[in-house]
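One structure below.
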Amino acid sequence: MAQPNTNLLNMGPQELEGFFKSLGHQGFRAKQFMQWVYQRDMTEFSCMHDFPLDLRRQLDELASLPTLTVHTEKTSKDETIKWLLEMDDGNKIETVFIPDTKRGTLCISSQVGCALNCSFCATATQGFNRNLSTSEIVGQIMLAKRRLLELGSSHKITNIVMMGMGEPLLNLDNLIPALQIMRSDYAFGFAKRKVTVSTSGLVPAMDKLNAAVDVALAVSLHAPSDDLRTQLVPLNKKYPIAELLAACKRYCSIKKSNKVTIEYVMLAGVNDSVANARLLAKQLANVPCKVNLIPFNPFPGNNYNCSSSNAIMAFQRCLVERGYLTTVRRTRGPDIDAACGQLRGRLRDKTKRNARFKVTRQVVTVGRNLS
Ligand code: SF4
């Protein structure tokens, strides 16, 4: 039985169908509802004119469609836009739109802060407060669409990357319905290669994600050996490189997803030598993948430096010579702290941590995020 103030944006396609049936209506109303809300940006139930009058009245009484509030909006010289979004409980998260000639990528957050303590990541310095709800995840897309329209932007959102604040796979229960909404032809309708989930390597959750929804996967590897990776991504202690790369192979074989993107942040003197590149090439043998090198973007309070252009080019050349498609990510929005690794948000309580994944920082330094 539906309760008053039921947040319909928290429901994936199947749950929505159940909701409409529970009100005594046919399941296809869920598809009509998604078209109204996610495609036509309609948030007034009374205007959903293909719904019978009694259904519109029921929705007015029982349902809600909460929206996120823009606390701050910053636009970079390169037209990247960063929004600091405020939620009902006062927590704030960041969402970034990166326009390009042929595409517009929206980088969205999955958690308020992050508990995984990657040593090169700004979000990690904030601690962890809570998971975002499904509504707060899809709400970032709804808000960005609306703001781009209001700004008169000629750019459209063509790609979604779950690379904002947080580790998406630690929020699987809310993430999966959100991804189903992104993929549904009745909702946002993004093709599977246009939605990328990035993870720091939660192996069991990678398999669950694979079984639940068809999206592209990016894995934050950042190091070719376990010793080094554990310093950078402490989660490596729990799921070392061999287990992680085996999970990548399963991800590609089950869904024929072609290739996983291996993300590798370039840290001067830490993980950027040609020897590191050679070892990385060996580790990636038989993993269907492409490699994305990410120049490190500094932020206050960290000790890392970005690798030199020469070091990045030498690293890339070494991988290319060994047959790996290797790209270097272009830094976007650094003047508004919107580049990879620079998102922070604002947490009301920075001390809550996910005890199960609490890990010790090994290098005192500092993720748009790199997970
Ligand atoms: S890089 Fe990603 S997983 Fe690691 S601390 Fe930052 S947000 Fe969390």
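Scanning the stretch 122-180 for residues that are part of a loop (DSSP other than H, G, I, E, B), within 16 Å of the ligand (Cβ to nearest atom) and not small (Gly, Ala, Ser), which turns out surrounded by the fewest Cβ atoms within 10 Å (Cβ to Cβ)? Give the derivation first.
Kept after step one, since they are part of a loop (DSSP other than H, G, I, E, B), are these residues of the stretch 122-180: 122, 127, 132-133, 151-158, 163-167.
Applying the additional criterion that residues be within 16 Å of the ligand (Cβ to nearest atom) yields 122, 127, 132, 163-167.
Next, from what is left, pick out any that are not small (Gly, Ala, Ser): 132, 163, 165, 167.
Working: LEU132: 26, MET163: 28, MET165: 31, GLU167: 29.
Per the criteria, the residue is LEU132.
For the stretch 284-301, what are the residues that are assigned to a loop (DSSP other than H, G, I, E, B) and open to solvent by 60 Å² or more (accessible area, probe 1.4 Å)? Please lay out each step first, then the result.
Initially, the stretch 284-301 is screened for residues assigned to a loop (DSSP other than H, G, I, E, B), giving 284-288, 296-301.
Once the filter is applied, which keeps residues that are assigned to a loop (DSSP other than H, G, I, E, B) and open to solvent by 60 Å² or more (accessible area, probe 1.4 Å), the stretch 284-301 yields ASN286, PRO298, PRO300, GLY301.
Go through the residues of the stretch 311-330 one by one and say whether even a single one is modelled with pLDDT under 95 and out of contact with any Gly (no Cβ under 7 Å at 6 or more places or on another chain).
Looking for residues that are modelled with pLDDT under 95 and out of contact with any Gly (no Cβ under 7 Å at 6 or more places or on another chain), one finds at least one in the stretch 311-330, hence yes.
For the stretch 229-258, which residues satisfy the criterion of being away from the ligand (no atom under 15 Å from the Cβ) and crowded, with 17+ Cβ neighbours inside 10 Å? Quick ask: steps written out before the conclusion?
Keep residues of the stretch 229-258 that are away from the ligand (no atom under 15 Å from the Cβ), which gives 240-243, 245-258.
Within the stretch 229-258, ILE241, LEU245, ALA247, CYS248, TYR251, CYS252, LYS255, SER257 qualify.
Of the residues ASP60, ASP41, ASP88, ASP50, which is in a helix (DSSP H, G or I) and either within 16 Å of the ligand (Cβ to nearest atom) or out of contact with any Gly (no Cβ under 7 Å at 6 or more places or on another chain) (or both)?
Working: ASP41 fails: in a helix (DSSP H, G or I); ASP88 fails: in a helix (DSSP H, G or I); ASP50 fails: in a helix (DSSP H, G or I).
One residue alone meets the criteria, ASP60.
Considering only the stretch 1-24, state which residues are in a loop (DSSP other than H, G, I, E, B) and surrounded by 20 or more Cβ atoms within 10 Å (Cβ to Cβ). Step through it out loud before you land on a result.
So the first thing to find is which residues in the stretch 1-24 are in a loop (DSSP other than H, G, I, E, B), and the list is 1-5, 11-12, 23-24.
Listed by number, the residues that qualify are MET11, GLY12.
Per-residue answers, yes or no, for (1) within 13 Å of the chain's Cα centre (by Cα); (2) modelled with pLDDT under 95:
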{"position": "ALA124", "(1), (2)": "no, yes"}
{"position": "ILE137", "(1), (2)": "yes, no"}
{"position": "ILE160", "(1), (2)": "yes, no"}
{"position": "MET165", "(1), (2)": "yes, yes"}
{"position": "PRO177", "(1), (2)": "no, no"}
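Only one residue in ASP173, ASP227, ASP214 is over 24 Å from THR326 (Cα atoms) and acidic (Asp, Glu), so which one is that? Outline the logic, then answer.
Values: ASP227 fails: over 24 Å from THR326 (Cα atoms); ASP214 fails: over 24 Å from THR326 (Cα atoms).
That would be ASP173, the only listed residue that is over 24 Å from THR326 (Cα atoms) and acidic (Asp, Glu).
VAL195 is checked against (1) more than 16 Å from the ligand (Cβ to nearest atom); (2) at pLDDT 95 or above; (3) open to solvent by 30 Å² or more (accessible area, probe 1.4 Å) and fails just one. What number does that condition carry?
Status for VAL195: all satisfied but (3).
Residue by residue through the stretch 112-121, note down the ones that are more than 8 Å from the ligand (Cβ to nearest atom) and within 19 Å of ASN236 (Cα to Cα).
Within the stretch 112-121, SER119 is the sole residue that qualifies.
If GLU73 satisfies every condition in (1) away from the ligand (no atom under 16 Å from the Cβ); (2) open to solvent by 10 Å² or more (accessible area, probe 1.4 Å); (3) closer than 25 Å to ILE181 by Cα; (4) at pLDDT 95 or above but one, which is the exception?
Only one criterion in (1) away from the ligand (no atom under 16 Å from the Cβ); (2) open to solvent by 10 Å² or more (accessible area, probe 1.4 Å); (3) closer than 25 Å to ILE181 by Cα; (4) at pLDDT 95 or above is unmet by GLU73, namely (3).
Name the residues in the stretch 100-111 that are open to solvent by less than 10 Å² (accessible area, probe 1.4 Å) and more than 11 Å from the ligand (Cβ to nearest atom), would you?
Within the stretch 100-111, GLY104, LEU106, CYS107, ILE108 meet the criteria.
Among the residues of the stretch 91-107, write down those that are in contact with a Ser or Thr (Cβ under 8 Å, 6 or more places away or on another chain), over 17 Å from VAL197 (Cα atoms) and part of a strand (DSSP E or B).
ILE93, PRO99
Condition check ((1) out of contact with any Gly (no Cβ under 7 Å at 6 or more places or on another chain); (2) farther than 30 Å from ILE336 by Cβ; (3) among the polar types (S, T, N, Q)) across all residues:
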{"residue": "VAL219", "(1), (2), (3)": "no, no, no"}
{"residue": "ALA242", "(1), (2), (3)": "yes, yes, no"}
{"residue": "SER273", "(1), (2), (3)": "yes, yes, yes"}
{"residue": "LEU279", "(1), (2), (3)": "yes, yes, no"}
{"residue": "ILE294", "(1), (2), (3)": "yes, no, no"}
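The values are calculated or read from the model by the stated rules, or taken from the named source; none is laboratory data. This is a predicted model, so every value here is computed, not measured. Please note: Cβ atoms are built from the backbone with ideal geometry, for glycine as well, and neighbour counts cover all protein chains shown. Quick note on the areas: whole protein, heavy atoms, side chains included, nothing else; ligands and nucleic acids left out. Shrake-Rupley method; radii C 1.70, N 1.55, O 1.52, S 1.80 Å.
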